[in-house]
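**Student:** Pasting a structure here, questions to come.
Only the coordinates and a few stated rules stand behind these numbers; no lab work does. The shown structure was predicted, so the numbers you read here are calculated from the model rather than taken from an experiment. So basically every Cβ, Gly included, is an ideal-geometry build from the backbone, and we count neighbours across all protein chains shown.
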Amino acid sequence: MIADAPAPLPGPKSLTLNLFLISVLGLFTELMLIRWIGTEIRIFAYLQNTILVVCFLGLGMGCWTCHKPAHFRMVLLPLAALIAILSVPWVRLEFAMITPRLSLIHLIWDYSTTESSLFKGLAVAFALVQGFALMLLIWITFVPVGRILGRALDNHPRPILAYSANIAGSLVGILLYVLLCAVSTTPLIWCAVFAVIALCYLERPWLLHLGLLAGIVAVSHLASAFPDTRTSTPKNVTETPIGCWWSPYQKLFLIKETRTLPEGDHVMHTLYVNNCPYMALLDLRPEATTKLQSWYDPALTGLSQYDLPTLLQPKPGRMLIVGSGGGNDVAGRLPGPPAAEAITAVEIDPAIIRLGKEHHPEQPYQSPKVTVVNDDARAFFMNTDQRFDLIVFGLLDSHTTTAMTNARLDHYVYTEESLAQAKRLLNPGGVVVLSFEAQKPFIADRINTSLKELYNQEPLVVRVPVSAYGYGGFFFVVGDLDGVRARIEAQPRLQAFLDGLRRDYPIELPGTTRTTTDDWPYIYLETAHVPPLYFLLAVLLVVLFGVGNLLLGSRAALATWRVGHLHFFFLGAAFLLLEVQNISKAAVVLGNTWDVNAVIIASIMIIILVANLIAATWPRLPLGLAYVGLIGSAVGLYFVDLAWFGGLPYLARAAIVGLLTSLPMLFSGIVFIRSFATFTGKDVALGANLFGALIGGLLQSLTFVTGIKALLLIVAGLYAAAWATRPRSAGTASTPPP
């Protein structure tokens, strides 16, 4: 157990500066772990709330016990273990197995297995033990951070200034990490920045702490080493790693594969995303496919999947490709007449665009016909005024979620609203070709139903298998289907190809699967329910809370709460849910790019600072008005569809969305700082607030059932509960300390 002996507070002697720096360090480390763990252990890319909630639990329990010793080495030791797990190749490969093991109960990808039920149960149990060990290390890392934060807040003579320093530091920590991600830095740089800030908190023995920091930075360099997860490589294949890049969204690794064939060598570049094979930069020029018959066997598929769109719509004047990736979809449209007059290629990841420009053998992005747009597909649909004769959805398959929400980056591309926006861009007589790797039949049924209802026609659907010509997938065709059918009949080779696909890969689409909307965008969830894995993780969090209390040698914290602590608890839960709501709405209306998410999160912090300024300037502002404005704005937003403003210019749309979504945040900030400034025991109050945020993170899972918009009603209810449990001194017009 951690000793109860008093110890000096680590860090700068100035409490204001200490609060600012520990807040920078805490938020920076939190975001770093959320992204890094989700990269190496992919199931956490879809369960990012788990990491967020564990960080809040550590911070909250640190605040509760802030008068116990807060040694900074207790941050460095568990963090060093975490960095080793995420960096050392053989260790991270073992922890990466958490994903396929837990996928036995919650499908992410199709991990086929023939083992017995007993073996599967043991595999799941072992994965849960691994996950708990990871969560425990994260919790231990953040407890000392919470202790420093809580004691500095409790000891500070000016509460509003102290909380403002906390928020300003959090804002800087967020922007610092986002900036590092924006310029595609690696974990080595992240850890180096952490080490520089951590120097302010070093204690005796100096050499031990410096050694830990140096070790953290040195080991993090291994995170960019390519992990070979395959059991074997064909004897005729030589692999040459090209490089590793950490884009604003994901970890990319490019490998060159040289395959020795009787006709000569075949060279192909394969791109790995988050250590998983993601796309191949294919050479499908006739001179390559004709020469290397043993690899590009015409009998294998007959045609390339990239031939389909321009065979179905052979005279597109203008063509749009969303999710253009490394350029395969673009390259398939360029060679030979009749080619499109102009191609607009939209790709969200700038690093993938750059790799496509540098390494694709056909150099499609270099063509003067091609305009490359680095943007989110949904944002492009909303912002462009162009019209197209052929719209192609590439194989969009994101490996990351939308900031702190349950939705993946690609979820909002396949909602009813998004598909309707794409239809708006289609010229009369135009055709839409949508490809998707639907590993479960209900996903294909969902997309087919959405298109059928939107276009009032039965889509043409085929399943293309994986081959040397591409990764395949389901292909849905809508638009001018009469023209499409006429072109198929006029091309015997195409007719034979499609007939062969229907014969060899029959498709049953009953049309019974619920479609996705902006309010319920969960394309990989068959029905509206909370996946069992979320309940298991909630159990792990309860166990972690119990173990944490034992390790800290503290009494059950919840038993010591008064009504005022419940007030801060409800404020924390409501605030996190409101933040989730804001990010989700911004993703729909403004786009899903890293800069939009960064601006939204930063704006929230700025709004809190503005609320602090208002509370300090008008200390006698009636709190009843703030509560009415808070609950009223949350309920009012429930009835406002921000998509109404989609037709406005981007800046006007951003201003309106930002203003509307910030109103509850402004009132919430005023309520919090007025309560916080007059409350005795600010460390416990902040701990209760962070614990409430933890519960808010868990409540977010309700969106799987209720939809995202319903969070606003839950938020209003939580704020009403906060009003009912407010500290009596905060309910009057008393003057808070200056």
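**Student:** Working from Cα positions, state the angle (0 to 90°, nearest 10) between the long axis of helix 350-359 and the longest principal axis of the chain.
**Tutor:** Its long axis makes an angle of about 40 degrees.
**Student:** Still on this structure, please answer the following. How would you order 187-194, 26-33, 60-67 from highest to lowest mean count of nearby Cβ atoms within 10 Å?
**Tutor:** 60-67, 26-33, 187-194
**Student:** Residues with beta-carbon under 14 Å from that of VAL219, excluding VAL219: net charge, scoring Lys, Arg +1 and Asp, Glu -1?
**Tutor:** Values: positive: ARG92; negative: GLU40.
Net charge in that neighbourhood comes out at 0.
**Student:** Could you run the Karplus curve 6.51 cos²θ - 1.76 cosθ + 1.60 with θ = phi - 60° over the range 310-320 and give me ³J(HN,Hα) per residue in whole Hz, x for Gly and Pro?
**Tutor:** 7, 7, 7, 9, x, 10, x, x, 10, 10, 10
**Student:** List, in order, the whole-Hz ³J(HN,Hα) value for each residue of the range 245-261 obtained from phi through the Karplus relation with A = 6.51, B = -1.76, C = 1.60 and θ = phi - 60°; use x for Gly and Pro.
**Tutor:** 9, 10, 6, x, 10, 7, 8, 10, 9, 10, 10, 9, 10, 10, 9, 7, 10
**Student:** Sticking with this one: Over the C-alpha atoms of the range 158-249, what are the Rg and the largest Cα-to-Cα span, Dmax, in Å?
**Tutor:** 19.3, 71
**Student:** Would you work out if the range 607-651 is rounded, prolate or oblate? Take a ≥ b ≥ c from the square roots of the eigenvalues of the alpha-carbon gyration tensor; rounded if a/c is under 1.5, else prolate when a/b is larger than b/c, oblate otherwise.
**Tutor:** oblate
**Student:** Moving on to the next point. From the residues PHE704, ALA677, ASN166, which one has its Cα farthest along the dipole of the chain in the positive direction, the dipole being from +1 and -1 charges on Cβ of Lys/Arg and Asp/Glu about the Cα centre?
**Tutor:** Selected residue: ALA677.
**Student:** In Å and whole numbers, how far do the C-alpha atoms of the chain stretch along each principal axis, longest first?
**Tutor:** Reported extents, whole Å, longest axis first: 83, 54, 50.
**Student:** Oh, and also: Report the label-to-label distance for GLU458 and GLU341 in nanometres (one decimal), using points 7 Å from each Cα along the Cα→Cβ vector.
**Tutor:** Modelled inter-label distance: 3.6 nm.
**Student:** Which order do the peptides 525-531, 664-670, 127-133, 78-84 take when ranked by the mean count of other beta-carbon atoms within 10 Å per residue, highest first? Could you put the intermediate results ahead of the total?
**Tutor:** Details: 525-531: 14.6, 664-670: 25.0, 127-133: 18.0, 78-84: 20.4.
With the highest mean Cβ count within 10 Å placed first, the list reads 664-670, 78-84, 127-133, 525-531.
**Student:** Once amide H atoms are placed 1.01 Å from N in the peptide plane, what residues at a sequence separation of 5 or more from LYS709, or on another chain, have their amide H within under 5 Å of its amide H?
**Tutor:** So LYS709 has HN proximity to no qualifying residue.
**Student:** Can you check how the C-alpha radius of gyration of the range 655-706 compares to 2.2 N^0.38 Å, as a plain ratio? Each step should come with its number before you reach the end.
**Tutor:** Numbers: Rg = 14.4 Å, N = 52, 2.2 N^0.38 = 9.9 Å.
Normalised Rg, Cα atoms only: 1.46.
**Student:** Of the listed peptides 532-538, 145-151, 677-683, what is their order by residue-averaged count of other C-beta atoms within 10 Å, with the highest listed first?
**Tutor:** Top of the packing list down: 145-151, 677-683, 532-538.
**Student:** Something else: Straight-line reach from LYS440: which lysines have a Cα under 24 Å away, not including same-chain ones fewer than 8 places off?
**Tutor:** Candidates past the 8-residue exclusion: LYS120, LYS452.
**Student:** Mind checking the angle between helix 187-198 and the chain's longest principal axis? C-alpha axes, 0 to 90 degrees, to the nearest 10.
**Tutor:** Helix 187-198 and the main axis of the chain meet at about 10 degrees.
**Student:** Could you list which residues have their amide H under 5 Å from that of VAL462, counting only those 5 or more apart in sequence or on another chain, with H placed in the peptide plane?
**Tutor:** The list, which skips near neighbours in sequence, is PHE475.
**Student:** So, one more: Name the lysines eligible as straight-distance cross-link partners of LYS256: C-alpha to C-alpha under 30 Å, and not fewer than 8 places from it in the same chain.
**Tutor:** Of all the lysines, those that pass the test against LYS256 - Cα under 30 Å, at least 8 places apart if same chain - are LYS235, LYS291, LYS357, LYS369.
**Student:** How much net charge surrounds LEU630 when only other residues with a Cβ under 15 Å from its Cβ are counted (Lys, Arg +1; Asp, Glu -1)?
**Tutor:** +1
**Student:** Show the residues, 5+ positions off or on another chain, whose built amide H is closer than 5 Å to the amide H of GLN491.
**Tutor:** Residues meeting the criterion, in which the H sits 1.01 Å from N, do not exist here.
**Student:** In terms of the Cα gyration tensor, with a ≥ b ≥ c the square roots of its eigenvalues, is the range 439-482 rounded because a/c is under 1.5, prolate because a/b exceeds b/c, or oblate?
**Tutor:** Oblate.
**Student:** For the range 366-376, take each phi angle, set θ = phi - 60°, evaluate the Karplus expression 6.51 cos²θ - 1.76 cosθ + 1.60, and give the result in whole Hz per residue in order, putting x for glycine and proline.
**Tutor:** Each residue of the range 366-376 in turn: 8, 5, x, 6, 9, 10, 9, 10, 8, 7, 6 Hz.
**Student:** What does the charge count around PHE569 come to, taking other residues whose C-beta lies under 14 Å from its C-beta (Lys +1, Arg +1, Asp -1, Glu -1)?
**Tutor:** +2
**Student:** With angles folded into 0 to 90 degrees, how steeply does helix 159-182 sit against the dominant principal axis of the chain? Use alpha carbons for both and round to 10.
**Tutor:** 20 degrees
**Student:** Divide by every residue of the chain the summed helix terms, -39500 (n - 2.57) for each DSSP H run of at least 4, and state the resulting mean residue ellipticity at 222 nm, rounded to the nearest 500 deg cm²/dmol.
**Tutor:** Mean residue ellipticity at 222 nm (helix-derived): -17500 deg cm²/dmol.
**Student:** Quote the relative contact order of the chain in percent (integer), defining contacts as alpha-carbon pairs under 8 Å separated by 6+ residues.
**Tutor:** Computed value for the chain: 15 percent relative contact order.
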